[in-house]
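A short write-up of the structure that comes next.
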Amino acid sequence: MGAAKRIRTNPRELATDVLADVDLGDMVESIDIAGPGFLNIRLKPSFLSEQLTKTTLLETVAEPKRIVVDYSSPNLAKEMHVGHLRSTIIGDAVARTLELVGHDVIRQNHIGDWGTAFGRLLAYLDEVGDGFAQNAELRNIEKLYVEASSRFESDSAFADRSRAMVLALQSHDADAMAKWEHFMALAQQHMSEIYAKLDVSLRPEHTRGESSYNADIVPLIEDLRKQNDVLVESDGALCIFMPQFKNKDGEIQPMIVQKSDGGYLYHTTDLAALRYRFDSLHADRVLYFTDARQTLHFEMLFAASRLANLVEPSVTLEHHPFGKVLGKDGKPLKSRSGDNIVLRDLLDQAVNRASSLIRKKNPGLGKTQHEEVARAVAIGAVKYADLSKNRLHDYTFDWDEMLAFDGNTAPYLQYAYARISGIFEKGNIDSSECTEPPQLDMEVERQLAVHLLRFQEVIEQVTADAKPHYLCTYLYELTVRFMRFYEQCPILSEEGSIRAGRLTLCSRVAATLEIGLGALGIRVLARM
Ligand code: ARG
């Protein structure tokens, strides 16, 4: 249809011409022209069957790229809360999917670890005094944040000490820096705990926070100055003016690189980070996952880095925004007291809910297994609820919906996997040995086979657009097709090559679910 439009011809006529010329050899049972000019191709079962047994599940890309993925990146003057969930989950799924097809992925956790908020945290830690290192209570980092903020509001002497601490940090005072480092170690421990609970592949070595660019900023500004017309002084601030960024009144809105008081901004650090990613990490492609409110920031960042030639033109810079997490009332999700919901609590609640659900569904599971299943279901449900929606939209956080055992949910897919494992267990069969070409006589088998063969294509779409919901939709449809097949086609009670061929289908579905869910950061379970 698209081609006909481009060459300004009638799509049905073009379809007829294509049909006259096309030679698809032995692949095709029939090709028909339908409707306004669609070509419907019906593949031969023998072709499908051969493909299923011949081709590997997934091929790696011919030209792997070095891809930097910037995600999670919380501001650590606060405990990690629900606002950090989407970047963490979506970024991790995309990073895993890129790796799956052979790209060289470099994760970057661009944490907010510098700035005024750290003054009050360190001033507070100072007060706690000796206990600083050992005090067990300090491991409860949440308390720390809350107490430091309330002291700042209520105690002006404390507020002064906090401000003095900021200055000490900026001048790299040794004592202040030691405290800051200690605090960052606590913060890293907190992040690691959350990532472990959430099964997210970020490790401490991926942390490269804003502070790590402190020393790069002065040389960056020097270099920008050397380039004609990039940096312009305006009211004492150093700015980059780009005509495409105008405010409502049509005036150019500059990107401020250095404020008139000498301070630097979020932009400035990001320019330095981008330069590092190109010069030192040798990125071919850089992906950023933040909420949609930062869209203008990234548009300016990318435009400025092109203008100043910070990266080569061949490098792709991509901001992948996402919408908000809403409560069932349609407003941004908050706790009952109106605060941000901290991730630690949210994840614990997920596990508790999944645990009672699993206890009802399968009371016979042993304690260890029960815990393992509850955890995989809980984390899978939270992640999948987010990943299965087009990330550009807001999504509604709903426990009952995400933990449902039917519909487009993680438990539904995990359950299908467990069911297939059950078939292999019952028949005492090793699924890796199932290589008999399936016969595909039944329409449900054929439909399942066609869908199975589209896995590669879907994975490639995810890596191109950084949209994991393509993969979720694919896996859900795969599961629906598998269930239809399972209802209509006996497997273990069949004999000979029909049985063996159907087992091949089962084995391929299980492998696709395992790899596909794995790319989303979700575990499969042999038993549920
Ligand atoms: N710390 C930022 C925030 O919490 C996100 C950082 C995203 N990455 C970046 N390179 N700007 O909003």
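Here, each number is a calculation from the coordinates, and none is a lab measurement. Since the structure is predicted, the reported quantities are computational estimates derived from the model, not experimental observations. Don't worry about glycine lacking a Cβ; one is built from the backbone with ideal geometry, like all the others, and counts go over all protein chains shown.
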Euclidean distance of C-alpha centroids, segment 231-265 and segment 500-522, integer Å: 53 Å
Label-to-label distance, nm, for residues given as residue 248 and residue 24 (7 Å Cα→Cβ offset): 5.6 nm
Over segment 285-352 - Rg/Rh using Cα atoms and the Kirkwood inverse-distance radius: 1.19
For segment 238-250, 3J(HN,Hα) per residue [Karplus equation, 6.51 cos²θ - 1.76 cosθ + 1.60, θ = phi - 60°, Hz, x = Gly/Pro]: 9, 10, 10, 9, 10, x, 6, 9, 10, 8, 4, 8, x
Relative packing of 221-229, 508-516, 49-57, which averages over residues the other C-beta atoms within 10 Å, highest first: 508-516, 49-57, 221-229
Value of [θ]222 nm, deg cm²/dmol, for the chain, DSSP H segments ≥ 4, -39500 (n - 2.57) each, nearest 500: -17000 deg cm²/dmol
The chain: relative contact order as a whole-number percent, Cα under 8 Å and 6+ apart: 16 percent
Using alpha-carbon coordinates, inclination of helix 85-100 to the longest axis of the chain, degrees: 50 degrees
Cut-off 20 Å, label 7 Å out along Cα→Cβ of residue 61, residues of segment 455-492 by amide N: 455-472
Cross-link reach list, lysines versus residue 467, counting only Cα pairs under 19 Å and skipping chain neighbours closer than eight places: 65, 324, 383, 389
Spin-label pair residue 265/residue 53, simplified geometry with 7 Å Cα→Cβ offset, distance in nm: 6.4 nm
Amide H within-cut-off set for residue 290, under 5 Å, with H built and near neighbours excluded: 320, 322
Length released on extending from residue 126 to residue 156, taking residue separation times 0.36 nm less the Cα-Cα span: 9.2 nm
Inter-probe distance in nm under a simple model that places probes 7 Å from Cα toward Cβ, at residue 492 and residue 205: 4.4 nm
Tail fraction, Cα-Cα pairs, the chain, threshold 45 Å, whole percent: 27 percent
Calculated FRET efficiency for the pair residue 164/residue 225, C-beta based, R₀ 30 Å, to 0.05: 0.40
Residue-wise HN-Hα coupling along segment 279-286, computed from phi with Karplus coefficients 6.51, -1.76, 1.60 (Hz; x: Gly, Pro): 5, 9, 8, 6, 6, 8, 8, 10
Computed lengthening from residue 214 to residue 6, 0.36 nm per intervening residue step minus Cα-Cα distance: 69.7 nm
In degrees, nearest ten, helix 174-198 long axis to first principal axis of the chain (Cα): 20 degrees
Ascending count of other beta-carbon atoms within 10 Å, so fewest first, for 153, 63: 63, 153
Using alpha-carbon coordinates, inclination of helix 117-128 to the longest axis of the chain, degrees: 70 degrees
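With a Förster radius of 25 Å, plug the Cβ-Cβ distance of residue 454 and residue 293 into 1/(1 + (r/R0)^6) and report the FRET value to the nearest 0.05. Display every interim value, and only then the final one.
Details: r = 35 Å, r/R0 = 1.40.
The pair residue 454/residue 293 has a calculated efficiency of 0.10.
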Spin-label zone in segment 448-484 - amide nitrogen under 15 Å from a point set 7 Å from the Cα of residue 515 along the C-beta vector: 451-463, 471, 475
Length gained when the stretch residue 41-residue 13 is fully extended (0.36 nm per residue, less Cα-Cα span): 8.4 nm
Taking 506, 239 and counting other C-beta atoms within 10 Å, the order from fewest to most: 239, 506
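Order of 259, 78 from fewest to most other C-beta atoms within 10 Å?
Numbers: 259 15, 78 19.
Ascending Cβ contact count within 10 Å gives the list 259, 78.
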